[in-house]
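K.L.:
I'd like to ask you about the structure that follows.
The values are calculated or read from the model by the stated rules, or taken from the named source; none is laboratory data. Please read all numbers here as calculations on a predicted model, not as lab measurements. Neighbour counts run over all protein chains shown; Cβ positions are idealised from the backbone, glycine included.
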Amino acid sequence: MAKMFSEDAYCLGLLYSYLYAGKKMVLKDDLDSFYDTIENNLKDSDAMDMYATIWYDNDPSIYYSSEGKNGEVYYVLYPDFDIERAKSKYIGCLSVQVLLATQENNALNCLDLQKIDGNIRRKENIKVGMVSTPTFMKKFLEKLKSGELKIETCPQLEPVEELTQEYIEQQLEKYQRLLDSGIIDTALEKNMVKMKKML
């Protein structure tokens with residue numbers, strides 16, 4: 001027996017995507033995965049979603065469906081939906097068990113979200129400095145010393161300049177200063193805003 005109504009899971013998934021990632025549309029396939037994952041998370045519990053009895057009203061739907069050019073189906077939030085009413089209806093009435101199941105990382109992952117230190121946020125797909133610079137430098141220099149990487153003349157340098165360990169360290173320090181300046185993060189944020197506007 002299902003622990004949650006699929007319709008409630010769809011609305012909740014749309015709300016999470018909107019509240020934590022600013023997205024107003026989600027692929028139906030992703031919402032189906034979100035629902036299936038919640039059900040799986042709740043399979044051994046006695047939790048039940050009681051929306052059907054609590055909220056049996058004539059509220060208009062908060063979303064409509066739209067088809068993409070390749071036949072994929074999206075659920076899209078209406079621009080004028082009542083967010084406070086929706087939060088009360090689709091989040092506020094959840095039992096603790098169901099709420100926790102919807103916020104497990106395997107469920108949030110279906111919506112490109114993640115939970116870090118108790119906070120839900122958009123999953124970062126763009127990784128700048130995935131490894132800290134000291135770690136990168138250490139591994140890089142180890143490979144250099146072991147002969148795994150060869151020191152050769154760098155094609156972007158003047159022919160007289162050699163790609164020495166000292167030169168590499170200087171370049172990595174410059175790169176670290178660039179990361180620390182925040183200019184890359186600012187540029188990425190601007191690009192993300194542009195991409196959101198295109199959507």
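K.L.:
Determine whether the stretch 94-104 contains at least one residue that is modelled with pLDDT under 85 and in a loop (DSSP other than H, G, I, E, B).
P.N.:
yes
K.L.:
It is to be established whether one or more residues within the stretch 28-48 are at pLDDT below 85, part of a helix (DSSP H, G or I) and surrounded by 13 or more Cβ atoms within 10 Å (Cβ to Cβ).
P.N.:
Checking the stretch 28-48: not a single residue is at pLDDT below 85, part of a helix (DSSP H, G or I) and surrounded by 13 or more Cβ atoms within 10 Å (Cβ to Cβ).
K.L.:
Would you mind stating whether Tyr56 is at pLDDT 90 or above and of a type in the set (Ser, Thr, Tyr)?
P.N.:
No: the conditions fail for Tyr56.
K.L.:
I need the full set of residues from the stretch 16-27 which are surrounded by fewer than 17 Cβ atoms within 10 Å (Cβ to Cβ) and touching a helix residue (DSSP H, G or I) at 6+ places or on another chain (Cβ under 6 Å), in order please.
P.N.:
Within the stretch 16-27, no residue meets the criteria.
K.L.:
Quick check: anything in the stretch 131-152 closer than 28 Å to Gly182 by Cα, outside any helix (DSSP H, G or I) and modelled with pLDDT under 80?
P.N.:
yes
K.L.:
Additional query: Is the stretch 91-103 home to any residue that is touching a Lys or Arg at 6+ places or on another chain (Cβ under 7 Å), under 20 Å from Asp30 (Cβ atoms) and without any contact (Cβ under 8 Å) to a residue 24 or more places away in the chain?
P.N.:
yes
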